[in-house]
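The block underneath contains the structure these notes are about, expressed in C-alpha cells.
The values are calculated or read from the model by the stated rules, or taken from the named source; none is laboratory data. Model, not experiment: these values are computed from the prediction. Virtual Cβ from ideal backbone geometry, glycine too; neighbours counted across all protein chains shown. The accessibility values were calculated without ligands, DNA or RNA, using every heavy atom of the protein model including side chains. Shrake-Rupley method; radii C 1.70, N 1.55, O 1.52, S 1.80 Å.
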Amino acid sequence: IVLCSDGVSDAQNLAYEECGEERLTAVVREAWGQPVAAIVDRVFDAIDAFAGEAPQFDDITVMVLKRL
C-alpha cells in the first residue's frame, strides 16, 4: 500500500507541469522489490528530479506499507 499527500502528484516543475499519479506509479512499480525506506527514497528522488529548481508549494508526504 502506498499512501501519499496530494503534494506528491501535484509537485510542479519550472514549466508548471505536474508530476502526476502515473509517474508516481511507475517509480513505485520499478522499486517495489526494495525495502520500504528505499521505495520512499526513490519517490522523493523522482519528485526532486522532476521539479528541479521549482519551489515546493505543498507538503509532500509518502508512506509505504508492505506485508512480509
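Just for the stretch 6-25: of the residues that are of a type in the set (S, T, N, Q) and modelled with pLDDT of 95 or more, which one is surrounded by the most Cβ atoms within 10 Å (Cβ to Cβ)?
Gln12
Is it true that some residue in the stretch 32-51 is of a type in the set (A, V, I, L, M), open to solvent by 30 Å² or more (accessible area, probe 1.4 Å) and farther than 21 Å from Lys66 by Cβ?
Yes, the conditions are met somewhere in the stretch 32-51.
Can you tell me which of (1) over 14 Å from Val2 (Cβ atoms); (2) in contact (Cβ under 8 Å) with a residue 12 or more places away in the chain; (3) out of contact with any strand residue (DSSP E or B) (no Cβ under 6 Å at 6 or more places or on another chain) is the one Arg23 doesn't meet?
Here Arg23 clears every test but (1).
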